[in-house]
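The values are calculated or read from the model by the stated rules, or taken from the named source; none is laboratory data. Keep in mind that this is a model prediction, so the values were computed, not measured. FYI the Cβ positions are ideal-geometry reconstructions off the backbone, even for glycines, and counts take in every protein chain you see.
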Amino acid sequence: MALLDRHDVLLLQELQRDARQTVQQLAEAVGLSSTPCWRRVKELEAAGVIRGYSALVDRAKVNLQLCVLAEINLGRHEEGEVQRFEQAVAESPQIVACWSTTGQADYVIKVLVPDIEAYERFLHATAFRLPGVTHVRSSVVMKEVKSETRLPIEAAAHPAPGGRERRR
């Protein structure tokens, strides 16, 4: 997809704020009529810019009070081993995020569980059994200062060459 123009950025910001808006509400919020607004949203979906829509669930209200960030080290970095590790991570529901990193850890995972006892069970039943894992270093999150799902779209959008917005 070409660079995002002002209307695309506004649409993405609005959808991140509230994805349940009607096309008419979106169109009014971004200064378009309904048909071009709908077309742009469909183009953003088709291009994979919009990957899907979901509900934000309060984790404490569904008994997932404990958040742990765990640094993982692998013994070997052979392609097969890495693929098996990443597949096992993808299949673990308690692991809600995983990043391959530089620095001391090969990976950092974010784990959500009800309490410390559940995390200990997770360590023994899952984390220590992940393919290739030689070391797990856990940090319990004491307080979530910021947990944002919205992306800073306006900071990433760039005008087309020559300083003009992309035209449709």
* **Total residues in the range 29-75, condition over 30 Å from Lys146 (Cα atoms) and surrounded by 11 or more Cβ atoms within 10 Å (Cβ to Cβ)** => 11
* Asked: Is there any pair with a first residue in the range 40-66 that is within 30 Å of Ala27 (Cβ to Cβ) and in a loop (DSSP other than H, G, I, E, B) and a second that is modelled with pLDDT of 95 or more and aliphatic (A, V, I, L, M) whose Cβ atoms are under 6 Å apart and which are 6 or more apart or on different chains, and what are they?
  -> Ile50/Leu44; Tyr53/Ala19
* To do: Please indicate, with yes or no, whether at least one residue in the range 107-119 is free of Cβ contacts under 8 Å to residues at least 40 places away in the same chain and surrounded by 12 or more Cβ atoms within 10 Å (Cβ to Cβ).
  => yes
* Does Glu28 satisfy the criteria of being more than 21 Å from Ala55 (Cα to Cα) and either in contact (Cβ under 8 Å) with a residue 40 or more places away in the chain or touching a Gly at 6+ places or on another chain (Cβ under 6 Å) (or both)? -> no
* Scope the range 1-25; condition part of a helix (DSSP H, G or I), in contact (Cβ under 8 Å) with a residue 40 or more places away in the chain and not polar (S, T, N, Q); matching residues -> Arg6, Asp8, Val9, Leu12, Arg17
* Has the range 88-96 got any residue that is more than 16 Å from the chain's Cα centre (by Cα) and at positive phi? -> no
